[in-house]
1. Might you check whether a residue that is farther than 23 Å from Leu186 by Cα, touching a Gly at 6+ places or on another chain (Cβ under 8 Å) and open to solvent by less than 20 Å² (accessible area, probe 1.4 Å) occurs anywhere in region 321-335?
2. Exactly one of these conditions fails for Ile360: (1) touching a helix residue (DSSP H, G or I) at 6+ places or on another chain (Cβ under 6 Å); (2) buried (at least 18 other Cβ atoms within 10 Å of the Cβ); (3) over 26 Å from Gly280 (Cβ atoms). Give me its number.
3. Which residues, taken from region 449-487, are part of a helix (DSSP H, G or I) and among the charged types (D, E, K, R)?
4. Across region 383-428, what is the number of residues that are surrounded by fewer than 18 Cβ atoms within 10 Å (Cβ to Cβ), touching a residue at least 24 places away in the same chain (Cβ under 8 Å) and not in a loop (DSSP other than H, G, I, E, B)?
5. I'm trying to understand the selection: among the residues of region 165-176, which are touching a Pro at 6+ places or on another chain (Cβ under 9 Å) and in a loop (DSSP other than H, G, I, E, B)?
6. Can you go through Ser497, Ser536, Ser553 and tell me which one is in contact with a strand residue (DSSP E or B) (Cβ under 7 Å, 6 or more places away or on another chain) and over 15 Å from Val575 (Cα atoms)?
7. Which one of these does Ser199 not meet: (1) modelled with pLDDT of 95 or more; (2) farther than 26 Å from Ile85 by Cα; (3) of a type in the set (Gly, Ala, Ser)?
8. Out of contact with any strand residue (DSSP E or B) (no Cβ under 8 Å at 6 or more places or on another chain), within 30 Å of Tyr29 (Cα to Cα) and open to solvent by 60 Å² or more (accessible area, probe 1.4 Å): does that describe Pro340?
Amino acid sequence: MSYQSLEQCLLELEQNKQLVRIKETVDPYLEMAAIHLRVHEAGGPALLFENVKGSNFRAASNIFGTLERSKFIFRHSLQTVQQLIALKNDPVNAIKHPIKNFSTGMAALKALPLKNPLQKPVLFSEIKLSEIPPIQHWKMDGGAFVTLPQVYTEDIDKPGIMNANLGMYRIQLSGNDYEKDREVGLHYQLHRGIGVHQSKANKKGQPLKVSVFVGGPPSHSVAAVMPLPEGISEMTFAGVLGNRRFRYMYKDGFCISTDADFVITGEVYPGQNKPEGPFGDHLGYYSLTHDFPLMKVHKVYARQNAIWPFTVVGRPPQEDTSFGQLIHEIAGSALQEEIPGLKEVHAVDAAGVHPLLLAIGSERYTPYAPAKQPAEILTIANHILGTGQLSLAKFLFITADDENKLSAHNVDGYLQFIFERINLQRDIHFYTNTTIDTLDYSGTGLNSGSKVVLAAYGEKIRTLATTVPDCLNNLQGFENARLVMPGVVVLQAKRFSDYSTAQAEMQMLNTQCSIFNAQLQNTPVIIIADDAGFVSEKLNNFLWVTFTRCNPSHDMYGIDSFTINKHWGCNGPMVFDARIKPHHAPVLEKDPAVEKNIDRLFEKGGSLYGLL
């Protein structure tokens, strides 16, 4: 079975009680996003908004809101895709078991895109950009955004769909200095295929042709976020996952997905940028206004009875969390095959994905050595930080488990395993003045900051404290000491003002704590925060605050720290200053008035009554 359209998928979800229609008129300014967030937080169904204020088009959200729903959507093809990836990793298996793998090979035929011979878009009509539902998610957003776009570009040196890139890069539809109906903002981050295409077009002094597909079979959206190796077309992946060949045609020199609900075509000219943002992003903060490529709109198409799909991002977990889980289900052990010795890697969603990676590797270099210490896992760490989007990681914890009992997805247990073994004099390795995630404002500038690898391996060297050490309860300048988890204590301090003051504060903490190093040996981590109660309330709060608000080179300190031959370490606990800094982006906050206004949909008589 395959879906030929987004609506066909939504109708099947409705038949299986996984979609609810919202019949009331809803405002695309903040209301629709607030409804989505409330339903998603409750683990609710997909939503079909039938009456969007100011637009004649319907809209849908929370389509991929749970992993279970995503697996239901792709239940007829998921296993085949997994088998194809496994065969890529082990092609000899296909030769050994040709009959067993025959159906998998036949399914691969769906990978070939199918060009439509007609010279005009099938079932499409030309519309204005302003007719699209102008959905603004957060109050400080710069305007309306496309949040489930499939942005298509081709390699100017090797044109054609098999060398094309399809990525999910947000599009700003309105606001700022964009000329209505004629211009949109194109935001893309580091390590994205579109950047390679634009660089090549720029060198030739030619505009980059861009097609933005929205909607269509759900496999198209997943293909746009799938981290495929450079040079492999996402359209082929969409065909296999959707069990239906990707259908396309060209119009005015632009590629058009003939199964999409909407298509926006346009060009990006060399050196032409405009301010884009702010935008409430998936780290739980706004990404601020910066110059990004300007796309001059050529034409906008909508199919008959088109539906505008969208998602809402914010502090995790959100719908994009399910995307990550689905990618993990699909990819299986592909990354482990690429990085020798790697057993598992987990980009921690609660910390915003890129800020925190947990990895498990192997230690096979010196089996003859009596003392266990990090060796091979340091090589693996460098490989991880040199691999695609994993290179955007800011904090990388890595260990090896000889008994194969540890899971990087059990975050609490994993961190305790690390903290029981980490040698604070030896196991902390900084990478300074390097690149970090574009959306991470903890660094020294856009895309700029530092990284740290914490590589711990060997026998357990401490029993983690399960109570706050007495010496941390009566400190000058620090208060409200709370236990976050075994071995981790959070202290509350006054608001951060500047780094000169912060260094003086950390020196004061060092002076008070260094005389108690013996009492602190079982407390390897101290967090400095604005609100100790919030950080200690639950694990996800600790992960979010600590790893999104720290720049390792600037915000990590140590009690009785030292530098020997350019290696930094500490004899007492390591200290993370996780306070909000003046250069950080604002935290996303719900609007109380909007929250009150959408209550009507959840009350008796409303479309969502009884849902929560």
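1. For region 321-335, residues farther than 23 Å from Leu186 by Cα, touching a Gly at 6+ places or on another chain (Cβ under 8 Å) and open to solvent by less than 20 Å² (accessible area, probe 1.4 Å): present.
2. Of everything listed in (1) touching a helix residue (DSSP H, G or I) at 6+ places or on another chain (Cβ under 6 Å); (2) buried (at least 18 other Cβ atoms within 10 Å of the Cβ); (3) over 26 Å from Gly280 (Cβ atoms), Ile360 misses just condition (1).
3. Correct list: Asp470 only.
4. 6
5. Listed by number, the residues that qualify are Met168, Tyr169, Arg170, Leu173, Ser174, Asn176.
6. Values: Ser497 fails: in contact with a strand residue (DSSP E or B) (Cβ under 7 Å, 6 or more places away or on another chain); Ser553 fails: over 15 Å from Val575 (Cα atoms).
Result of the check over Ser497, Ser536, Ser553: Ser536.
7. (1)
8. Values: out of contact with any strand residue (DSSP E or B) (no Cβ under 8 Å at 6 or more places or on another chain): yes; within 30 Å of Tyr29 (Cα to Cα): no; open to solvent by 60 Å² or more (accessible area, probe 1.4 Å): yes.
Answer is no for this residue.
The values are calculated or read from the model by the stated rules, or taken from the named source; none is laboratory data. None of the values given here were measured: they were computed from a predicted structure. Heads up, the Cβs are rebuilt from the backbone with ideal geometry, glycines too, and the neighbour counts pull from every protein chain shown. Keep in mind that these areas ignore ligands, DNA and RNA; they rest on the heavy atoms of the full protein, side chains included. Shrake-Rupley method; radii C 1.70, N 1.55, O 1.52, S 1.80 Å.
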